[in-house]
Each structure stands twice: as structure tokens, then as C-alpha cells.
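The values are calculated or read from the model by the stated rules, or taken from the named source; none is laboratory data. Because the structure is predicted, anything quoted here is derived from the model rather than measured. All Cβ positions, glycine included, derive from the backbone under ideal geometry; neighbour counts span all protein chains shown. Remember, those area values only see protein heavy atoms, side chains included, never the ligands or the DNA or RNA. Shrake-Rupley method; radii C 1.70, N 1.55, O 1.52, S 1.80 Å.
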Amino acid sequence: MRMILSSTLALLIANGAALAFPTEEVPTSEPAYLAKVKTAAPAEIVAKASIVMMQDGKPKSLQTGTNGFTCLIGPDGTPLCADENGMAWWKAVGSKSDPPNKIGFIYMLAGDTGTSNHDPYQRASHQHWVQTGPHVMIVGPTVRGMPGYPRTADVSDPTQPYVMFPGTPYEHLMLPVAAAK
């Protein structure tokens, strides 16, 4: 019985470590910032991406990229890397403006720090809360025409694909991915 309990505890601890999420901390030192932002996407993407860090409310370039991706840490502590259209969409969400009419792609391979799924501006309410492990996002108008994905404010299983912010202009497809082994 002791062996079974020990094995179960070890399995739960191992699974907990595998499901670790990023913290809400946004590092202020460049080395710590770079270390955290590098968890957002595959190394070959980050190596050739632009990396931006906000300092005193202004973006500071830490790395000039050549592949069209920009990597940063969002105000909620989530590291991400987005292609040009994904970055335009992300900025539209942040500025509460209309998102571009283009398909974009965003990596969040460290997972996210969670949000309210019904409204991108109601994070503090914790209503319809969802937190997703490692995932990629497809953003843009095409998502509205993609049938077969759950479109409810309450996500029953964030380890499966679902639509985030359903029914809003910022509706996008969340595609959880397994961690590399």
C-alpha cells in the first residue's frame, strides 16, 4: 500500500511539473527577460525573431529579427512569439481596436497565465476562467468559419482545441500542443 501511495504521489508531482504555467512576473533585467521569452517558441523561431521588451512604457529592441516573428512577454507575464499578422491582432486586442482582417499565428509554448474566456478585458473578474498549457493560436476572421471547435465561454477541457473569446471580434483558435520529449 505504501508503494502504491508513493508511486501515485510521484506521478502527481511529475504531472504537476509537466503542467507548469508561466508566472505573472515580467522580468526587468534583460538576461531574465530573454530567458523567459525564449520559452515562448521553438529555439529556431526565437533565434531569428525580433525580441522586444517594454521599458518605461516604450518598446526596447533586444534583438533584431529576420524571420517576421516578434517575441515579447505580455503584461500578464505570458511569453509569446507572433508573426506579423498575429502581432497586429495582439496589438488590436491591447488597444481595443478592430483586429486586422488577416490570418495570424502566435506561439505560447510556455502556456499562459489564464484569462476570462468571455471577454479579453475582464481578466480580473475570473469569470469563465481558462488557463491553457503549451499552445499555438490561429487568429483572424477565418476562425469564425471553422466548425467543430467548442465555442462556449466555459471551456470544459483546455487540453483540447477550443475557440477563445467566442462571439467577440477577437475570437481565435487555441490549439494545445504536447511538450517536446
**Item:** Criterion (buried (at least 19 other Cβ atoms within 10 Å of the Cβ) and touching a Leu at 6+ places or on another chain (Cβ under 7 Å)) met by exactly one of Leu80, Leu109
**Value:** Leu80
**Qualifying positions in the stretch 155-177 - in contact with a strand residue (DSSP E or B) (Cβ under 8 Å, 6 or more places away or on another chain), open to solvent by 30 Å² or more (accessible area, probe 1.4 Å) and either assigned to a loop (DSSP other than H, G, I, E, B) or not aliphatic (A, V, I, L, M) (or both)** = Val155, Pro158, Thr159, Gln160, Pro161, Pro176, Val177
**Asked** Taking His126 and the conditions (1) touching a Ser or Thr at 6+ places or on another chain (Cβ under 7 Å); (2) at pLDDT 95 or above, which numbered condition does it fall short on, given that it satisfies the others?
**Response** (2)
**the stretch 142-159 residues that are under 16 Å from Gln127 (Cβ atoms) and of a type in the set (Asp, Glu), paired with ones that are open to solvent by less than 70 Å² (accessible area, probe 1.4 Å) and part of a loop (DSSP other than H, G, I, E, B) (beta carbon under 9 Å, 6 or more apart)** = Asp154/Asn117; Asp154/His118; Asp154/His128
**Message:** Given the condition in a strand (DSSP E or B), among the hydroxyl-bearing types (Ser, Thr, Tyr) and within 21 Å of Phe105 (Cβ to Cβ), answer yes or no: does some residue in the stretch 37-47 qualify?
**Reply:** no
**Message:** Please go through the stretch 48-58 and give me each residue that is modelled with pLDDT under 95 and either closer than 20 Å to Gly111 by Cβ or open to solvent by less than 30 Å² (accessible area, probe 1.4 Å) (or both), ordered by number.
**Reply:** none
**Request:** Examine the stretch 20-31 for a residue that is in contact (Cβ under 8 Å) with a residue 40 or more places away in the chain, over 19 Å from Val177 (Cβ atoms) and open to solvent by 90 Å² or more (accessible area, probe 1.4 Å), and state whether such a residue exists.
**Result:** yes
**Request:** Output the number of the condition that Ser61 fails; it satisfies all remaining conditions of (1) assigned to a strand (DSSP E or B); (2) open to solvent by 60 Å² or more (accessible area, probe 1.4 Å); (3) touching a Lys or Arg at 6+ places or on another chain (Cβ under 7 Å).
**Result:** (3)
**Asked** Does the stretch 114-134 hold any residues that are open to solvent by less than 50 Å² (accessible area, probe 1.4 Å), touching a Gly at 6+ places or on another chain (Cβ under 7 Å) and not polar (S, T, N, Q), and which are they?
**Response** Val130, Gly133, Pro134
**Asked** Considering only residues of the stretch 83-106 that are open to solvent by less than 40 Å² (accessible area, probe 1.4 Å) and more than 16 Å from the chain's Cα centre (by Cα), which is nearest to Tyr121 (Cα to Cα)?
**Response** Pro99
**Prompt:** So which residues in the stretch 135-147 are open to solvent by 80 Å² or more (accessible area, probe 1.4 Å) and in a loop (DSSP other than H, G, I, E, B), if there are any at all?
**Reply:** Pro147
